[in-house]
Amino acid sequence: MTVFAALGDSTTVGFGDRMPDGSWRGWAQILAAALGARLHNLADSGAQTADVVAAQLPRALDLRPDVAAVLVGTNDTLRSPFDPARVAANLERTVAALRAGGAEVLTIRLPDPGRMFGLPGPLARPLARRMRDLNAAADLVADRHRTVHFDAAGHPDSYDRRMWSVDRLHPSERGHRFLACSFFDLLAARLGPGIGNRPDPSPSSPPPTRAAQAWWMATQGTRWMIRRSTDLLPGLLDLAYAELRTPAADRRAPGDLAPGLPLPDRVA
């Protein structure tokens, strides 16, 4: 049986796609079922690229997976300081090790969270630049190691409001199915059409009503925002302050790459 190791953060944990028993499902479980694979979900909520290298990668290598996914980086962009070179090195080390072990590796270009949050310019602009730097690193690593690379950032469906849960940070069930179908199609193009049965893109559960969304925000959502505010909000405020203090002529536009973004040497 195909062994599938999924590395990453809360998106790969499955947040936003809750099952009737209260557990999270998510895109990795949906894809594993379509491939007839045995899933080992090693992802952890809040994980950054350094956490994947330190904690998730050793466990994944022990599994000798046939397929591995590395979807991580959003939490790096939401924290300070943000070091694109360090993020690139972490992605390189993770993907190189998995490829050296013989795995087909799934990677991604992530959409800009600022667009979904509807943030004001002083916050949206620096976040967009950080996400562009992250995606530039992911592109370089994907090209070097010939990963199965999905451009979620450039896909218009990624910004469809229905693809996102009420918190606008995690995919909804429809969004998780969109990820699973997209990776399945890319895998089928590389490995051939006999890899399994394509996941159903349509949600199996109706979307939450407005009342249910309001209830979530008043109960779980409030606690979630309080927890996130202790580490996320100060960093975002620092970004906004720095943006306002930087002369407009000295700012990189959201679409500009970090100059000379380095990619480390291949990992033996």
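Values in this text are rule-based calculations from the coordinates and carry no lab data. All figures in this text were calculated on a predicted structure; none of them were measured in a lab. A quick note on method: Cβ atoms are made from the backbone with ideal geometry, for glycine too, and the neighbour counts reach across all protein chains shown.
Quick one: what are the phi-derived ³J(HN,Hα) couplings along the stretch 63-70, Karplus 6.51/-1.76/1.60 with θ = phi - 60°, whole Hz, x for glycine and proline?
My calculation for the stretch 63-70 gives 7, 6, x, 7, 10, 9, 10, 10 Hz in order.
With label points built 7 Å along Cα→Cβ from the Cα atoms of ARG86 and LEU191, find their separation and express it in nm.
It works out to 3.5 nm between the two label points.
With all pairs of different alpha carbon atoms counted, what Kirkwood hydrodynamic radius in Å does the stretch 121-194 show?
14.1 Å
Sort 185-196, 6-17 for me by packing, meaning the mean count of neighbouring Cβ atoms within 10 Å per residue, highest on top.
6-17, 185-196
Calculate the spin-label point distance for ARG18 paired with SER205, positioning each point 7 Å from the Cα along the beta-carbon direction, and give it in nanometres.
Distance between the two pseudo-spin positions: 0.7 nm.
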